Amino acid sequence: MEKKNFLSPMEGPDMHKELNPELFGEKKVAKNTAMDSVSAVGTSPNNYLNTDRQIFEVKAQNQALAEQLNKVVATVNELIKTSNIKFEKQHHLLNRLEQSHNGLATEAGQKITQLSQRVNERKSFDLKVQEMVDRHNNVIKSFEVRMNHLQKLLAEKEAQMISSQAALNEAKMEIARLKRL
(Lines give C-alpha, C1' and ligand atoms only; values in the text may rest on other atoms or scores of the structure.)
Protein backbone atom coordinates (compact mmCIF):
# COMPACT_ATOMS: atom_id res chain seq x y z
CA MET A 1 0.00 0.00 0.00
CA GLU A 2 1.46 3.35 -0.91
CA LYS A 3 1.86 6.19 1.54
CA LYS A 4 -0.67 8.97 1.04
CA ASN A 5 0.16 12.61 1.43
CA PHE A 6 -2.44 14.23 3.65
CA LEU A 7 -0.41 17.33 4.39
CA SER A 8 -0.24 20.37 2.19
CA PRO A 9 2.73 20.74 -0.14
CA MET A 10 3.72 23.96 1.62
CA GLU A 11 5.34 22.29 4.49
CA GLY A 12 9.02 22.25 4.80
CA PRO A 13 11.52 21.94 7.59
CA ASP A 14 10.70 25.40 8.95
CA MET A 15 6.97 25.40 8.27
CA HIS A 16 4.19 24.27 10.55
CA LYS A 17 2.07 21.27 9.50
CA GLU A 18 -1.41 21.79 8.23
CA LEU A 19 -3.94 19.50 6.58
CA ASN A 20 -4.21 19.70 2.85
CA PRO A 21 -7.60 21.36 2.26
CA GLU A 22 -7.84 19.71 -1.14
CA LEU A 23 -7.99 16.35 0.54
CA PHE A 24 -11.73 16.73 1.18
CA GLY A 25 -12.51 18.58 -2.01
CA GLU A 26 -12.36 22.04 -0.51
CA LYS A 27 -10.61 24.89 -2.21
CA LYS A 28 -8.26 27.00 -0.24
CA VAL A 29 -9.15 30.66 0.00
CA ALA A 30 -6.42 32.66 -1.70
CA LYS A 31 -4.39 34.94 0.48
CA ASN A 32 -2.17 37.67 -0.75
CA THR A 33 1.02 36.31 0.64
CA ALA A 34 4.07 35.15 -1.13
CA MET A 35 3.68 31.59 0.13
CA ASP A 36 0.10 31.36 -1.12
CA SER A 37 1.13 32.47 -4.57
CA VAL A 38 3.86 29.80 -4.64
CA SER A 39 1.42 27.11 -3.57
CA ALA A 40 -1.21 28.30 -6.04
CA VAL A 41 1.32 27.99 -8.86
CA GLY A 42 2.10 24.43 -7.63
CA THR A 43 -1.58 23.33 -7.77
CA SER A 44 -2.38 21.57 -10.98
CA PRO A 45 -5.07 19.23 -12.33
CA ASN A 46 -2.65 16.37 -11.66
CA ASN A 47 -2.86 17.13 -7.92
CA TYR A 48 -6.68 17.04 -8.13
CA LEU A 49 -6.53 13.65 -9.87
CA ASN A 50 -4.11 12.42 -7.24
CA THR A 51 -6.46 13.66 -4.50
CA ASP A 52 -9.47 12.09 -6.24
CA ARG A 53 -7.58 8.83 -6.53
CA GLN A 54 -6.66 9.02 -2.85
CA ILE A 55 -10.28 9.73 -1.91
CA PHE A 56 -11.41 6.78 -4.04
CA GLU A 57 -8.81 4.54 -2.39
CA VAL A 58 -9.87 5.69 1.09
CA LYS A 59 -13.52 5.08 0.18
CA ALA A 60 -12.64 1.62 -1.17
CA GLN A 61 -10.67 0.88 2.01
CA ASN A 62 -13.57 2.14 4.10
CA GLN A 63 -15.95 -0.07 2.11
CA ALA A 64 -13.65 -3.10 2.51
CA LEU A 65 -13.32 -2.37 6.22
CA ALA A 66 -17.10 -1.98 6.50
CA GLU A 67 -17.59 -5.33 4.74
CA GLN A 68 -15.01 -6.99 6.97
CA LEU A 69 -16.64 -5.41 9.99
CA ASN A 70 -20.05 -6.65 8.84
CA LYS A 71 -18.61 -10.15 8.39
CA VAL A 72 -17.04 -10.00 11.84
CA VAL A 73 -20.31 -8.71 13.33
CA ALA A 74 -22.25 -11.50 11.58
CA THR A 75 -19.75 -14.08 12.83
CA VAL A 76 -19.89 -12.69 16.35
CA ASN A 77 -23.69 -12.63 16.24
CA GLU A 78 -23.72 -16.24 15.04
CA LEU A 79 -21.27 -17.20 17.79
CA ILE A 80 -23.41 -15.41 20.36
CA LYS A 81 -26.52 -17.17 19.07
CA THR A 82 -24.73 -20.54 19.15
CA SER A 83 -23.35 -19.81 22.60
CA ASN A 84 -26.80 -18.82 23.85
CA ILE A 85 -28.25 -22.07 22.50
CA LYS A 86 -25.46 -24.05 24.16
CA PHE A 87 -25.92 -22.12 27.40
CA GLU A 88 -29.67 -22.85 27.26
CA LYS A 89 -29.00 -26.55 26.73
CA GLN A 90 -26.47 -26.58 29.57
CA HIS A 91 -28.95 -24.71 31.77
CA HIS A 92 -31.68 -27.27 31.02
CA LEU A 93 -29.24 -30.13 31.65
CA LEU A 94 -28.16 -28.52 34.91
CA ASN A 95 -31.80 -28.09 35.97
CA ARG A 96 -32.49 -31.76 35.17
CA LEU A 97 -29.40 -32.82 37.08
CA GLU A 98 -30.42 -30.69 40.04
CA GLN A 99 -33.94 -32.16 40.00
CA SER A 100 -32.53 -35.66 39.70
CA HIS A 101 -30.03 -34.98 42.48
CA ASN A 102 -32.75 -33.52 44.70
CA GLY A 103 -34.99 -36.52 44.00
CA LEU A 104 -32.18 -38.94 44.77
CA ALA A 105 -31.23 -37.01 47.89
CA THR A 106 -34.85 -37.06 49.08
CA GLU A 107 -35.16 -40.76 48.33
CA ALA A 108 -31.86 -41.50 50.06
CA GLY A 109 -32.97 -39.42 53.05
CA GLN A 110 -36.23 -41.38 53.27
CA LYS A 111 -34.41 -44.69 53.02
CA ILE A 112 -31.92 -43.59 55.69
CA THR A 113 -34.82 -42.56 57.92
CA GLN A 114 -36.53 -45.95 57.37
CA LEU A 115 -33.27 -47.77 58.05
CA SER A 116 -32.72 -45.69 61.17
CA GLN A 117 -36.24 -46.57 62.38
CA ARG A 118 -35.61 -50.26 61.70
CA VAL A 119 -32.27 -50.11 63.51
CA ASN A 120 -33.95 -48.38 66.47
CA GLU A 121 -36.72 -51.02 66.49
CA ARG A 122 -34.10 -53.76 66.32
CA LYS A 123 -32.21 -52.18 69.21
CA SER A 124 -35.46 -51.96 71.19
CA PHE A 125 -36.19 -55.66 70.49
CA ASP A 126 -32.61 -56.56 71.35
CA LEU A 127 -32.92 -54.69 74.65
CA LYS A 128 -36.18 -56.46 75.43
CA VAL A 129 -34.67 -59.85 74.56
CA GLN A 130 -31.60 -59.04 76.68
CA GLU A 131 -33.85 -58.07 79.57
CA MET A 132 -35.76 -61.35 79.18
CA VAL A 133 -32.47 -63.33 79.04
CA ASP A 134 -31.20 -61.48 82.12
CA ARG A 135 -34.46 -62.22 83.98
CA HIS A 136 -34.27 -65.85 82.89
CA ASN A 137 -30.65 -66.04 84.06
CA ASN A 138 -31.67 -64.48 87.39
CA VAL A 139 -34.49 -67.04 87.74
CA ILE A 140 -32.06 -69.86 86.95
CA LYS A 141 -29.52 -68.50 89.45
CA SER A 142 -32.17 -68.18 92.15
CA PHE A 143 -33.35 -71.71 91.28
CA GLU A 144 -29.77 -72.99 91.56
CA VAL A 145 -29.40 -71.20 94.93
CA ARG A 146 -32.64 -72.82 96.13
CA MET A 147 -31.56 -76.20 94.77
CA ASN A 148 -28.23 -75.93 96.55
CA HIS A 149 -30.05 -74.93 99.75
CA LEU A 150 -32.51 -77.81 99.34
CA GLN A 151 -29.63 -80.23 98.66
CA LYS A 152 -27.95 -79.06 101.85
CA LEU A 153 -31.21 -79.45 103.74
CA LEU A 154 -31.71 -82.88 102.21
CA ALA A 155 -28.17 -83.84 103.13
CA GLU A 156 -28.80 -82.61 106.71
CA LYS A 157 -32.13 -84.47 106.91
CA GLU A 158 -30.46 -87.57 105.50
CA ALA A 159 -27.75 -87.27 108.12
CA GLN A 160 -30.41 -86.79 110.78
CA MET A 161 -32.32 -89.78 109.45
CA ILE A 162 -29.17 -91.90 109.48
CA SER A 163 -28.40 -90.80 113.03
CA SER A 164 -32.05 -91.37 113.99
CA GLN A 165 -31.95 -94.82 112.35
CA ALA A 166 -28.74 -95.57 114.22
CA ALA A 167 -30.34 -94.35 117.45
CA LEU A 168 -33.43 -96.41 116.70
CA ASN A 169 -31.31 -99.47 115.99
CA GLU A 170 -29.50 -98.94 119.30
CA ALA A 171 -32.77 -98.48 121.04
CA LYS A 172 -34.08 -101.75 119.49
CA MET A 173 -30.96 -103.52 120.50
CA GLU A 174 -31.25 -102.11 123.98
CA ILE A 175 -34.89 -103.17 124.15
CA ALA A 176 -33.98 -106.61 122.87
CA ARG A 177 -31.27 -106.92 125.47
CA LEU A 178 -33.56 -105.69 128.18
CA LYS A 179 -36.15 -108.28 127.15
CA ARG A 180 -33.60 -110.91 127.49
CA LEU A 181 -32.74 -110.00 130.94
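Table for the structure above
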read-out	value
Which numbered condition R96 misses (of (1) surrounded by 10 or more Cβ atoms within 10 Å (Cβ to Cβ); (2) over 27 Å from the mean Cα position of the chain (by Cα))	(2)
Any chance A66 is of a type outside the set (V, I, T), modelled with pLDDT of 90 or more, open to solvent by less than 80 Å² (accessible area, probe 1.4 Å) and in a helix (DSSP H, G or I)	yes
Condition check for I140: surrounded by 10 or more Cβ atoms within 10 Å (Cβ to Cβ), modelled with pLDDT of 95 or more and aliphatic (A, V, I, L, M)	yes
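The values are calculated or read from the model by the stated rules, or taken from the named source; none is laboratory data. All values derive from a computational prediction rather than experimental measurement. Note: ideal-geometry Cβ built from the backbone for every residue, glycine included; neighbour counts use all protein chains shown. Side chains included, ligands, DNA and RNA excluded: accessible areas come from the protein's heavy atoms. Shrake-Rupley method; radii C 1.70, N 1.55, O 1.52, S 1.80 Å.
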